[in-house]
Amino acid sequence: MATTHLHESFPAFHFEGDILPAALPLNQAEVVNGKVVIGGLAESLGRAAYNGLVLAADKAVELGSRAEHAGPSRFAFTEEPSWREGREASAHDVRFGHMNFEGPDGDISRPVAVKIFEGDLEAAMHEYAATRLVRQADLIRTFNPVGLAMVGKNPALITDFEPQVRSFDNFEWGTLLDTQDDPDMLTAIIEKCALTLGLLHSTPVRNPQEDDVVVPSHGDARLRNMAWDQSGLRLVDLETFSANTFTVQPDGGLSEEDSVRLHEVVLRDLLLLLGSLSERGVLAENTLAEKQAFYDEHLLGVYRMVLRHPATDVGWKHLIDFDILQEGINFDLENFGGS
Ligand SMILES: Nc1ncnc2c1ncn2[C@@H]1O[C@H](COP(=O)(O)OP(=O)(O)O)[C@@H](O)[C@H]1O
Ligand SMILES: [Mg+2]
């Protein structure tokens, strides 16, 4: 019997509208009072209010906009429902398809992903800005933002669709764990996730208040929000990204309160990853001591190596105490089995 896919019973999603000029180039993200912002973004989206699209400056140039030349003026998105397969683990019901741009030089079509934030403009702007911020440092890949659109009255983040990217929740975990035939593969995946978190936390963020350090964190650092493809590691879903700001005291350290918060912030990402591994049944058969030793080596060990590495420009690495992180991980494994 033929399998019926869910998408076959719904009509493909379609929307279209005007492309609006941005108030400012909309590429340069910065952290102001702990919030990631891009100047002119809210104003530009205000103009887009209904069914409009504001393009990122680099995309506008790619699509033929120049000062003396208007660039595309209309867009239309048509869903390719089959592209969703394997990407359904999505709270926002992300859709994939072609976006057609109607311009003076004819039509250009690009494959894109559309992530709609039901009525939540702040959240859409935040993810757009956070993605720009992470890309600026060029340490870790993310999906490439095309712009922000209003789909009716709902804001949406539009990114270039990259079909080769499969998040780690798409691995055949059952097979991998059942057969135990490739422990190296399992270790490799966990180390790649640890590397991803190390790189994210090391992302240098330009910072208007000179004495502050900014420590980026993901906030939902589960397997489903990290990926790996032939071009490397990838961070997915920056909706819960935060730029955590800490004030360095005259003696070069943090206040007690800030130090506790710093360790909580980075530990939270590590524990979310650990929880999503346990959910998949990783090391389910092992003793507590074996689990603790494994994660000490492959999760914390790799993470620590990235943060301490001379090539990562982590101005705050002396503020972190890896023993506290190790205790946090061991406590979590002991009391909650890692989830
Ligand atoms: N531009 C893109 N190209 C390929 N896959 C994408 C793209 N954007 C999102 N995805 C995939 O869609 C799924 C959901 O995206 P995500 O950003 O995590 O949204 P949500 O908040 O709904 O979880 C993930 O599996 C992610 O890898
Ligand atoms: Mg997600």
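The values are calculated or read from the model by the stated rules, or taken from the named source; none is laboratory data. In this text the structure is predicted, and so the values were computed from the model without any measurement. Because the Cβ atoms are built from the backbone with ideal geometry, glycine has one as well, and the counts that use them run over all protein chains shown.
Numbers for the structure displayed
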read-out: Residue selected from the stretch 190-228 under the condition within 12 Å of Phe246 (Cα to Cα) and polar (S, T, N, Q), by the criterion nearest to ligand 1 (Cβ to nearest atom); value: Asn207
read-out: Identity of the residue in the stretch 59-112, over 24 Å from the mean Cα position of the chain (by Cα) and among the aliphatic types (A, V, I, L, M), that ends up nearest to Asn154 (Cα to Cα); value: Ala76
read-out: Unmet requirement for Leu283, which otherwise passes all of (1) on the phi > 0 side of the Ramachandran plot; (2) touching a Gly at 6+ places or on another chain (Cβ under 9 Å); (3) surrounded by fewer than 18 Cβ atoms within 10 Å (Cβ to Cβ); value: (3)
read-out: Matching option when the condition is farther than 26 Å from Ser217 by Cβ and in contact with a Ser or Thr (Cβ under 9 Å, 6 or more places away or on another chain), among Phe101, Phe75, Phe143; value: Phe101
read-out: Hey, Phe75 under 30 Å from Arg224 (Cα atoms) and either of a type in the set (S, T, N, Q) or in a strand (DSSP E or B) (or both) or not; value: no
read-out: Flag for Glu43 being surrounded by fewer than 16 Cβ atoms within 10 Å (Cβ to Cβ) and under 25 Å from the mean Cα position of the chain (by Cα); value: yes
read-out: Some residue of the stretch 213-220 being within 23 Å of Ile329 (Cβ to Cβ) and out of contact with any strand residue (DSSP E or B) (no Cβ under 9 Å at 6 or more places or on another chain); value: yes
read-out: Selection within the stretch 284-294 - free of Cβ contacts under 8 Å to residues at least 40 places away in the same chain and either of a type in the set (A, V, I, L, M, F, W, C) or assigned to a helix (DSSP H, G or I) (or both); value: Ala289, Glu290, Ala293, Phe294
read-out: Residue that is surrounded by the fewest Cβ atoms within 10 Å (Cβ to Cβ), among those in the stretch 48-86 that are modelled with pLDDT of 90 or more and basic (Lys, Arg); value: Arg74
read-out: Subset of the stretch 129-152 that is assigned to a helix (DSSP H, G or I) and touching a residue at least 40 places away in the same chain (Cβ under 8 Å) - its residue that is nearest to ligand 1 (Cβ to nearest atom); value: Thr131
read-out: Residue check, Leu307 more than 25 Å from Gly174 (Cα to Cα), in a helix (DSSP H, G or I) and either at pLDDT below 95 or touching a Phe, Trp or Tyr at 6+ places or on another chain (Cβ under 6 Å) (or both); value: yes
read-out: Exclusive hit being touching a Leu at 6+ places or on another chain (Cβ under 9 Å), on the phi < 0 side of the Ramachandran plot and charged (D, E, K, R), set Arg95, Arg87, Arg110; value: Arg110
